[in-house]
Number of protein chains: 2
Amino acid sequence: MGSSRRRGPELEQAILRAAVEELTESGYAGLTMDGVAARAGTNKNAIYRRWPSRATLALAAYRELIGADRDPPDTGTLRGDVMELLRGANNHLAAPAVSGIVLGLLAAAADDPDLMAQLRDSIIDAGSGLWLTVLGRAVTRGEIPEKALKPRVATVAIALLRNEYVTRGTSSVPDAVLTEIIDDVYLPLLRSPR
Amino acid sequence: MGSSRRRGPELEQAILRAAVEELTESGYAGLTMDGVAARAGTNKNAIYRRWPSRATLALAAYRELIGADRDPPDTGTLRGDVMELLRGANNHLAAPAVSGIVLGLLAAAADDPDLMAQLRDSIIDAGSGLWLTVLGRAVTRGEIPEKALKPRVATVAIALLRNEYVTRGTSSVPDAVLTEIIDDVYLPLLRSPR
DNA sequence: GCTCTTAAGGTACTCCACGTACCCTATATC
DNA sequence: GATATAGGGTACGTGGAGTACCTTAAGAGC
């Protein structure tokens, strides 16, 4: 009658899965160690043996949640590719409560430089490579000048989307805002001669 | 022997001052009701009679902290004005720990639409009028086309600065980044014909 | 199969901070 | 002066982070 006590990686995955569920259901503020332990069918000891604090567990769960990154789109036109990328990012941020989770993590990591660094490296910068490949193709097609490949310029669209989530705090930015970002800001900027 | 019990506005100001001090010294996470009460020389009752929760008190304290808004600069050139505005915003956000405070407030307001609305109205949008007046003058001088007056376009610079604080999490963005934002993104965008 | 080390389970605890309840006391107003 | 109002003091209840300690199962070596 399998009492079957889980150990090692198996238990670790169970904890992470439980943490992901708590996170998506209740956000960062609602993720509690007791809650995760109960949901995973274990106790807090097993968690603290692996992650030193609630914040680090939440970060690990968030990385689990966002999962693998996707391939860069290739619609043939710059505008199409950019729209794809921005829609993808929007869908991701809109998900259950991802923007709230990220805000909570950012606030929690504010006074922990180590945690903040991990958060930046593995989350904020995620996908910046996608933008550069898409823009690179547009450069070879001659759609935009080469100077558009500067990181500061290339990341403007995603920065504006992120800003929208931070300041409006809504779930899911409407498509009209995305096209506004693209047509009123991003594309004019990329095409500007200098 | 003047026991002299404070009442009404006098006490209210004392509480707010104490909250501002706690906020600047320890950030949002470090602002505790007991701490504020002790520092103000009063007790929690007096606070809860005025603000229903820690988050609302912190928001009020933050508004007190940022104080009155300034006049729009008028250096004669668009670039000069924009640089002034961005430097001002940077100095403000860099202050003791303002970006951390704002992050904490945002995270706390994430599941309270009312609070989020107040936060937006009185903090995030603060100073957007400044940008529009500065751009308006540049339009009448003929430096940029009139279409630059769209809010989405006008607020790009400050949005990018905010993004810098959110993603880098540092205190004080270096001046080089400000000029990069202005010369590589904002001015080219404003001057782009369409 | 037996022993021994390691890790999980269980539980209870400390600490801290939010928010509330009650009762006492000073202050302003009528 | 009487009385309503608001501040002071204090003690709770609640909930969650993190810790301590002991018991018990799982696997490794022999």
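The table below gives the values:
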{"read-out": "Residue in the stretch B:95-114 that is over 27 Å from B:Leu23 (Cα atoms), assigned by TED's automatic domain parsing to the domain that holds B:Met83 and among the hydrophobic types (A, V, I, L, M, F, W, C) present", "value": "no"}
{"read-out": "Test result for B:Leu187, open to solvent by less than 10 Å² (accessible area, probe 1.4 Å), in a helix (DSSP H, G or I), touching a residue at least 60 places away in the same chain (Cβ under 8 Å) and within 10 Å of chain A (Cβ to nearest Cβ)", "value": "yes"}
{"read-out": "Condition met for B:Glu164 (out of contact with any Gly (no Cβ under 6 Å at 6 or more places or on another chain), facing another protein chain (nearest Cβ under 9 Å), surrounded by 21 or more Cβ atoms within 10 Å (Cβ to Cβ) and not hydroxyl-bearing (Ser, Thr, Tyr))", "value": "yes"}
{"read-out": "Residue under evaluation B:Leu178, criteria (1) surrounded by fewer than 20 Cβ atoms within 10 Å (Cβ to Cβ); (2) farther than 26 Å from A:Ile101 by Cα, criterion not met", "value": "(1)"}
{"read-out": "Residue in the stretch A:90-127 that is nearest to the other protein chains (Cβ to nearest Cβ), counting only those that are open to solvent by 50 Å² or more (accessible area, probe 1.4 Å) and over 12 Å from B:Arg168 (Cα atoms)", "value": "A:Asp111"}
{"read-out": "Residue list for the stretch A:1-45, restricted to those being of a type in the set (A, V, I, L, M), surrounded by fewer than 18 Cβ atoms within 10 Å (Cβ to Cβ) and within 9 Å of DNA strand C (Cβ to nearest atom)", "value": "A:Ala14"}
{"read-out": "Test: A:Thr56 is of a type in the set (Val, Ile, Thr) and within 16 Å of DNA strand D (Cβ to nearest atom)", "value": "yes"}
{"read-out": "Positions within the stretch B:146-179 being more than 18 Å from the chain's Cα centre (by Cα) and closer than 15 Å to A:Leu190 by Cα, in sequence order", "value": "B:Val153"}
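Here is a yes/no grid of residues against (1) within 14 Å of chain A (Cβ to nearest Cβ); (2) outside any helix (DSSP H, G or I); (3) within 12 Å of DNA strand D (Cβ to nearest atom); (4) within 21 Å of A:Leu106 (Cβ to Cβ):
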residue	(1), (2), (3), (4)
B:Ala14	no, no, yes, no
B:Arg17	no, no, no, no
B:Thr42	no, yes, yes, no
B:Ala46	no, no, yes, no
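The values are calculated or read from the model by the stated rules, or taken from the named source; none is laboratory data. On a predicted model such as this, the values are computed, not experimentally measured, just so you know. Positions of Cβ are generated from backbone atoms using ideal geometry, with glycine treated the same way; all protein chains shown enter the neighbour counts. The protein model used for the area step is the full one, side chains on, heavy atoms only, and it has no ligands, DNA or RNA in it. Shrake-Rupley method; radii C 1.70, N 1.55, O 1.52, S 1.80 Å.
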